[in-house]
Amino acid sequence: MSSVAFAFLITVAVGGVLYVFIYPMISGEKRVEQRLKEISVDEIQAKRGRAKSADAATTRRQQVEESLKHLEARRRNVKNPPIEVRLQQAGLSIGKRQFYMFSAAAGLVCFVLMYLSGMGLLLAVPAFLAGAFGIPRWFLGYRKKKRENKFISELPNAIDVIVRGVKAGLPIGDCIRIIANETVEPVKGEFRQIAEGQAVGMSLSDSASKMYERVPLAEANFFGIVLAIQQQAGGNLSEALGNLSRVLRERKKMAEKIKAMSMEAKASAAIIASLPFAVMTLVYLTSPGYIELLWTTSMGRVLMAGSVVWMLMGVFVMKRMINFDF
(Lines give C-alpha, C1' and ligand atoms only; values in the text may rest on other atoms or scores of the structure.)
Protein backbone atom coordinates (compact mmCIF):
# COMPACT_ATOMS: atom_id res chain seq x y z
CA MET A 1 0.00 0.00 0.00
CA SER A 2 2.85 2.34 0.85
CA SER A 3 4.55 1.55 -2.47
CA VAL A 4 1.39 2.47 -4.36
CA ALA A 5 1.09 5.74 -2.49
CA PHE A 6 4.72 6.53 -3.16
CA ALA A 7 4.31 5.81 -6.90
CA PHE A 8 1.24 8.04 -6.96
CA LEU A 9 3.14 10.88 -5.37
CA ILE A 10 6.02 10.44 -7.82
CA THR A 11 3.56 10.47 -10.73
CA VAL A 12 1.88 13.63 -9.46
CA ALA A 13 5.22 15.36 -8.97
CA VAL A 14 6.46 14.44 -12.44
CA GLY A 15 3.14 15.53 -13.95
CA GLY A 16 3.37 18.85 -12.16
CA VAL A 17 6.89 19.43 -13.43
CA LEU A 18 5.84 18.52 -16.97
CA TYR A 19 2.79 20.80 -16.71
CA VAL A 20 4.88 23.72 -15.55
CA PHE A 21 7.74 23.46 -18.04
CA ILE A 22 6.43 21.55 -21.11
CA TYR A 23 2.73 22.45 -21.34
CA PRO A 24 3.31 26.15 -22.21
CA MET A 25 5.47 25.09 -25.13
CA ILE A 26 2.89 22.59 -26.36
CA SER A 27 -0.13 24.83 -25.86
CA GLY A 28 1.50 27.93 -27.47
CA GLU A 29 1.15 30.22 -24.48
CA LYS A 30 4.82 31.03 -24.57
CA ARG A 31 4.63 31.97 -28.24
CA VAL A 32 1.60 34.13 -27.49
CA GLU A 33 3.45 35.96 -24.76
CA GLN A 34 6.48 36.45 -27.02
CA ARG A 35 4.25 37.74 -29.80
CA LEU A 36 2.53 40.16 -27.44
CA LYS A 37 5.90 41.48 -26.35
CA GLU A 38 6.98 41.92 -30.01
CA ILE A 39 3.74 43.72 -30.84
CA SER A 40 4.15 46.06 -27.90
CA VAL A 41 7.73 46.82 -28.94
CA ASP A 42 6.63 47.45 -32.55
CA GLU A 43 3.88 49.76 -31.35
CA ILE A 44 6.32 51.73 -29.24
CA GLN A 45 8.74 52.04 -32.17
CA ALA A 46 5.90 53.03 -34.51
CA LYS A 47 4.74 55.69 -32.05
CA ARG A 48 8.28 57.02 -31.82
CA GLY A 49 8.56 57.05 -35.61
CA ARG A 50 5.26 58.89 -35.96
CA ALA A 51 6.34 61.37 -33.32
CA LYS A 52 9.63 61.96 -35.14
CA SER A 53 7.89 62.39 -38.49
CA ALA A 54 5.35 64.75 -36.90
CA ASP A 55 8.18 66.77 -35.36
CA ALA A 56 10.00 66.87 -38.71
CA ALA A 57 6.83 67.99 -40.51
CA THR A 58 6.21 70.65 -37.86
CA THR A 59 9.79 71.88 -38.14
CA ARG A 60 9.56 71.99 -41.91
CA ARG A 61 6.26 73.86 -41.76
CA GLN A 62 7.74 76.37 -39.33
CA GLN A 63 10.74 76.90 -41.60
CA VAL A 64 8.47 77.47 -44.58
CA GLU A 65 6.30 79.91 -42.60
CA GLU A 66 9.36 81.85 -41.45
CA SER A 67 10.67 82.05 -45.03
CA LEU A 68 7.31 83.28 -46.31
CA LYS A 69 7.04 85.88 -43.53
CA HIS A 70 10.53 87.16 -44.29
CA LEU A 71 9.79 87.44 -48.01
CA GLU A 72 6.42 89.11 -47.36
CA ALA A 73 8.09 91.71 -45.12
CA ARG A 74 10.63 92.39 -47.85
CA ARG A 75 7.79 92.68 -50.37
CA ARG A 76 6.07 95.38 -48.28
CA ASN A 77 9.31 97.36 -48.19
CA VAL A 78 9.51 97.34 -52.00
CA LYS A 79 6.15 99.05 -52.57
CA ASN A 80 7.49 102.61 -52.10
CA PRO A 81 11.16 102.50 -53.10
CA PRO A 82 13.44 105.57 -53.16
CA ILE A 83 14.38 107.26 -56.39
CA GLU A 84 17.67 105.33 -56.66
CA VAL A 85 15.80 102.02 -56.64
CA ARG A 86 13.27 103.34 -59.16
CA LEU A 87 16.07 104.29 -61.53
CA GLN A 88 17.50 100.80 -61.13
CA GLN A 89 14.09 99.22 -61.75
CA ALA A 90 13.78 101.27 -64.95
CA GLY A 91 17.18 100.04 -66.14
CA LEU A 92 18.76 103.52 -66.14
CA SER A 93 22.39 104.00 -65.19
CA ILE A 94 22.07 107.63 -64.05
CA GLY A 95 22.14 108.76 -60.43
CA LYS A 96 19.66 110.66 -58.30
CA ARG A 97 21.38 114.00 -58.85
CA GLN A 98 21.36 113.63 -62.62
CA PHE A 99 17.68 112.68 -62.56
CA TYR A 100 16.78 115.79 -60.59
CA MET A 101 18.81 117.92 -62.99
CA PHE A 102 16.97 116.46 -65.98
CA SER A 103 13.63 117.00 -64.21
CA ALA A 104 14.41 120.67 -63.54
CA ALA A 105 15.54 121.16 -67.14
CA ALA A 106 12.34 119.57 -68.47
CA GLY A 107 10.25 121.81 -66.23
CA LEU A 108 12.07 124.95 -67.39
CA VAL A 109 11.68 123.98 -71.04
CA CYS A 110 7.91 123.47 -70.62
CA PHE A 111 7.60 126.76 -68.72
CA VAL A 112 9.49 128.73 -71.39
CA LEU A 113 7.55 127.19 -74.26
CA MET A 114 4.19 127.90 -72.67
CA TYR A 115 5.14 131.44 -71.64
CA LEU A 116 6.63 132.39 -75.01
CA SER A 117 3.60 131.02 -76.82
CA GLY A 118 1.46 133.65 -75.10
CA MET A 119 -0.36 131.39 -72.66
CA GLY A 120 0.65 133.45 -69.64
CA LEU A 121 1.63 132.40 -66.15
CA LEU A 122 -1.74 130.74 -65.56
CA LEU A 123 -0.74 127.87 -67.84
CA ALA A 124 3.05 128.26 -67.70
CA VAL A 125 3.26 127.36 -63.99
CA PRO A 126 1.23 124.13 -64.35
CA ALA A 127 3.37 123.32 -67.39
CA PHE A 128 6.50 123.73 -65.26
CA LEU A 129 5.09 121.41 -62.58
CA ALA A 130 4.11 118.85 -65.21
CA GLY A 131 7.54 119.00 -66.85
CA ALA A 132 9.48 118.84 -63.59
CA PHE A 133 7.44 116.21 -61.75
CA GLY A 134 5.02 114.51 -64.11
CA ILE A 135 6.97 113.82 -67.31
CA PRO A 136 10.17 112.41 -65.69
CA ARG A 137 8.21 110.06 -63.42
CA TRP A 138 6.00 109.02 -66.31
CA PHE A 139 9.15 108.21 -68.26
CA LEU A 140 10.46 106.18 -65.33
CA GLY A 141 7.20 104.26 -65.14
CA TYR A 142 7.23 103.65 -68.89
CA ARG A 143 10.80 102.31 -68.85
CA LYS A 144 10.07 100.21 -65.77
CA LYS A 145 6.97 98.67 -67.38
CA LYS A 146 8.82 97.95 -70.61
CA ARG A 147 11.67 96.27 -68.73
CA GLU A 148 9.25 94.21 -66.63
CA ASN A 149 7.46 92.95 -69.75
CA LYS A 150 10.76 91.76 -71.21
CA PHE A 151 11.65 90.10 -67.92
CA ILE A 152 8.31 88.24 -67.73
CA SER A 153 8.70 86.99 -71.30
CA GLU A 154 12.18 85.57 -70.73
CA LEU A 155 12.00 84.33 -67.11
CA PRO A 156 10.19 81.00 -67.87
CA ASN A 157 12.89 80.13 -70.42
CA ALA A 158 15.59 80.85 -67.85
CA ILE A 159 13.85 78.65 -65.28
CA ASP A 160 13.63 75.85 -67.85
CA VAL A 161 17.41 76.10 -68.29
CA ILE A 162 17.83 75.57 -64.54
CA VAL A 163 15.41 72.63 -64.57
CA ARG A 164 17.21 70.88 -67.43
CA GLY A 165 20.61 71.58 -65.89
CA VAL A 166 19.62 70.22 -62.47
CA LYS A 167 18.14 67.08 -64.06
CA ALA A 168 21.40 66.61 -65.99
CA GLY A 169 23.41 66.81 -62.75
CA LEU A 170 24.76 70.36 -62.95
CA PRO A 171 24.94 72.47 -59.78
CA ILE A 172 22.41 75.26 -59.66
CA GLY A 173 25.22 77.82 -59.48
CA ASP A 174 26.52 76.70 -62.87
CA CYS A 175 22.98 76.89 -64.30
CA ILE A 176 22.65 80.47 -63.07
CA ARG A 177 25.99 81.40 -64.64
CA ILE A 178 24.85 79.88 -67.94
CA ILE A 179 21.75 82.08 -67.84
CA ALA A 180 23.87 85.12 -66.94
CA ASN A 181 26.04 84.54 -70.03
CA GLU A 182 23.60 83.24 -72.66
CA THR A 183 20.19 84.88 -72.20
CA VAL A 184 19.02 88.37 -73.10
CA GLU A 185 18.49 91.45 -70.96
CA PRO A 186 17.07 92.12 -68.42
CA VAL A 187 17.11 88.48 -67.26
CA LYS A 188 20.78 88.26 -68.12
CA GLY A 189 21.72 91.16 -65.86
CA GLU A 190 19.51 90.02 -62.98
CA PHE A 191 20.94 86.50 -62.92
CA ARG A 192 24.44 87.94 -63.25
CA GLN A 193 23.80 89.85 -60.03
CA ILE A 194 22.61 86.61 -58.38
CA ALA A 195 25.83 84.89 -59.46
CA GLU A 196 27.91 87.82 -58.20
CA GLY A 197 26.08 87.71 -54.87
CA GLN A 198 26.94 84.03 -54.49
CA ALA A 199 30.55 84.79 -55.38
CA VAL A 200 30.85 87.23 -52.44
CA GLY A 201 29.36 84.75 -49.97
CA MET A 202 25.60 85.35 -50.07
CA SER A 203 23.27 82.38 -50.03
CA LEU A 204 21.30 81.51 -53.15
CA SER A 205 17.94 82.31 -51.54
CA ASP A 206 19.11 85.76 -50.35
CA SER A 207 20.56 86.61 -53.76
CA ALA A 208 17.37 85.48 -55.51
CA SER A 209 15.11 87.36 -53.08
CA LYS A 210 16.99 90.60 -53.75
CA MET A 211 15.98 90.27 -57.40
CA TYR A 212 12.44 91.17 -56.34
CA GLU A 213 13.72 94.55 -55.12
CA ARG A 214 15.11 95.30 -58.58
CA VAL A 215 12.19 93.76 -60.49
CA PRO A 216 9.05 94.18 -58.32
CA LEU A 217 6.99 91.49 -60.02
CA ALA A 218 5.05 88.57 -58.59
CA GLU A 219 6.99 86.24 -60.91
CA ALA A 220 10.34 87.30 -59.43
CA ASN A 221 8.88 86.93 -55.95
CA PHE A 222 7.69 83.40 -56.78
CA PHE A 223 11.21 82.46 -57.90
CA GLY A 224 12.72 83.73 -54.65
CA ILE A 225 10.09 81.93 -52.55
CA VAL A 226 10.69 78.59 -54.30
CA LEU A 227 14.45 78.78 -53.78
CA ALA A 228 14.09 79.91 -50.16
CA ILE A 229 11.67 77.10 -49.29
CA GLN A 230 13.80 74.50 -51.07
CA GLN A 231 16.90 75.64 -49.21
CA GLN A 232 15.14 75.66 -45.82
CA ALA A 233 12.98 72.55 -46.11
CA GLY A 234 14.54 70.54 -48.94
CA GLY A 235 12.70 68.81 -51.75
CA ASN A 236 12.95 68.19 -55.47
CA LEU A 237 14.24 71.47 -56.90
CA SER A 238 13.76 70.52 -60.56
CA GLU A 239 10.13 69.57 -59.96
CA ALA A 240 9.42 72.75 -57.99
CA LEU A 241 11.00 74.98 -60.63
CA GLY A 242 9.25 73.05 -63.41
CA ASN A 243 5.90 73.72 -61.74
CA LEU A 244 6.88 77.38 -61.35
CA SER A 245 7.73 77.61 -65.05
CA ARG A 246 4.32 76.21 -65.98
CA VAL A 247 2.60 78.64 -63.61
CA LEU A 248 4.46 81.60 -65.13
CA ARG A 249 3.52 80.57 -68.65
CA GLU A 250 -0.13 80.17 -67.66
CA ARG A 251 -0.07 83.62 -66.02
CA LYS A 252 1.35 85.05 -69.23
CA LYS A 253 -1.42 83.40 -71.26
CA MET A 254 -4.02 84.81 -68.88
CA ALA A 255 -2.51 88.30 -69.17
CA GLU A 256 -2.61 88.11 -72.97
CA LYS A 257 -6.22 86.91 -72.85
CA ILE A 258 -7.21 89.80 -70.58
CA LYS A 259 -5.38 92.21 -72.86
CA ALA A 260 -7.24 90.92 -75.91
CA MET A 261 -10.62 91.12 -74.16
CA SER A 262 -9.99 94.69 -72.98
CA MET A 263 -8.73 96.05 -76.31
CA GLU A 264 -12.22 97.22 -77.31
CA ALA A 265 -12.55 99.30 -74.15
CA LYS A 266 -9.04 100.69 -74.62
CA ALA A 267 -9.79 101.66 -78.21
CA SER A 268 -12.97 103.43 -77.07
CA ALA A 269 -11.03 105.29 -74.39
CA ALA A 270 -8.39 106.37 -76.93
CA ILE A 271 -11.05 107.63 -79.34
CA ILE A 272 -12.86 109.57 -76.62
CA ALA A 273 -9.60 111.10 -75.37
CA SER A 274 -8.48 112.18 -78.85
CA LEU A 275 -11.88 113.49 -79.94
CA PRO A 276 -11.54 117.01 -78.35
CA PHE A 277 -8.16 117.56 -80.03
CA ALA A 278 -9.50 116.40 -83.39
CA VAL A 279 -12.55 118.69 -83.12
CA MET A 280 -10.35 121.62 -82.07
CA THR A 281 -8.04 121.07 -85.05
CA LEU A 282 -10.93 120.88 -87.53
CA VAL A 283 -12.57 124.02 -86.11
CA TYR A 284 -9.25 125.88 -86.25
CA LEU A 285 -8.78 124.89 -89.90
CA THR A 286 -12.29 126.03 -90.86
CA SER A 287 -12.88 128.99 -88.49
CA PRO A 288 -9.64 130.07 -86.77
CA GLY A 289 -11.12 133.25 -85.31
CA TYR A 290 -13.84 131.26 -83.57
CA ILE A 291 -11.49 128.86 -81.73
CA GLU A 292 -8.72 131.38 -81.01
CA LEU A 293 -10.78 132.82 -78.16
CA LEU A 294 -9.70 129.82 -76.06
CA TRP A 295 -6.06 131.02 -75.87
CA THR A 296 -6.34 134.73 -76.60
CA THR A 297 -8.68 135.61 -73.71
CA SER A 298 -8.26 134.91 -69.99
CA MET A 299 -11.68 133.27 -69.73
CA GLY A 300 -10.85 131.00 -72.66
CA ARG A 301 -7.60 129.92 -71.00
CA VAL A 302 -9.44 129.10 -67.79
CA LEU A 303 -12.04 127.09 -69.69
CA MET A 304 -9.39 125.24 -71.65
CA ALA A 305 -7.41 124.41 -68.48
CA GLY A 306 -10.57 123.14 -66.78
CA SER A 307 -11.43 121.05 -69.82
CA VAL A 308 -7.96 119.49 -69.82
CA VAL A 309 -8.27 118.65 -66.12
CA TRP A 310 -11.70 117.05 -66.56
CA MET A 311 -10.53 115.11 -69.59
CA LEU A 312 -7.49 113.79 -67.72
CA MET A 313 -9.73 112.71 -64.86
CA GLY A 314 -11.98 110.85 -67.29
CA VAL A 315 -9.02 109.13 -68.93
CA PHE A 316 -7.68 108.14 -65.52
CA VAL A 317 -11.03 106.65 -64.48
CA MET A 318 -11.30 104.70 -67.74
CA LYS A 319 -7.75 103.43 -67.30
CA ARG A 320 -8.56 102.19 -63.81
CA MET A 321 -11.67 100.44 -65.10
CA ILE A 322 -9.84 98.75 -67.97
CA ASN A 323 -6.68 97.56 -66.20
CA PHE A 324 -6.92 94.23 -64.40
CA ASP A 325 -4.60 93.02 -61.66
CA PHE A 326 -4.36 89.27 -61.03
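The values are calculated or read from the model by the stated rules, or taken from the named source; none is laboratory data. Since this is a predicted model, take the numbers as computed values, not measurements. Because the Cβ atoms are built from the backbone with ideal geometry, glycine has one as well, and the counts that use them run over all protein chains shown.
Structure notes:
- Region 173-198: number of residues that are within 20 Å of the chain's Cα centre (by Cα) and of a type in the set (Val, Ile, Thr): 4
- Within region 115-132, not a single residue is under 26 Å from Gln193 (Cβ atoms) and either in contact with a Cys (Cβ under 6 Å, 6 or more places away or on another chain) or surrounded by fewer than 19 Cβ atoms within 10 Å (Cβ to Cβ) (or both).
- So Ser262, is it touching a residue at least 12 places away in the same chain (Cβ under 8 Å), closer than 25 Å to Lys144 by Cα, surrounded by 11 or more Cβ atoms within 10 Å (Cβ to Cβ) and more than 15 Å from the chain's Cα centre (by Cα): yes
- If you check Met313, Met318 for being assigned to a helix (DSSP H, G or I), on the phi < 0 side of the Ramachandran plot and modelled with pLDDT under 80, only one passes: Met318.
- Some residue of region 141-158 being more than 19 Å from the chain's Cα centre (by Cα) and either among the hydrophobic types (A, V, I, L, M, F, W, C) or in a loop (DSSP other than H, G, I, E, B) (or both): no
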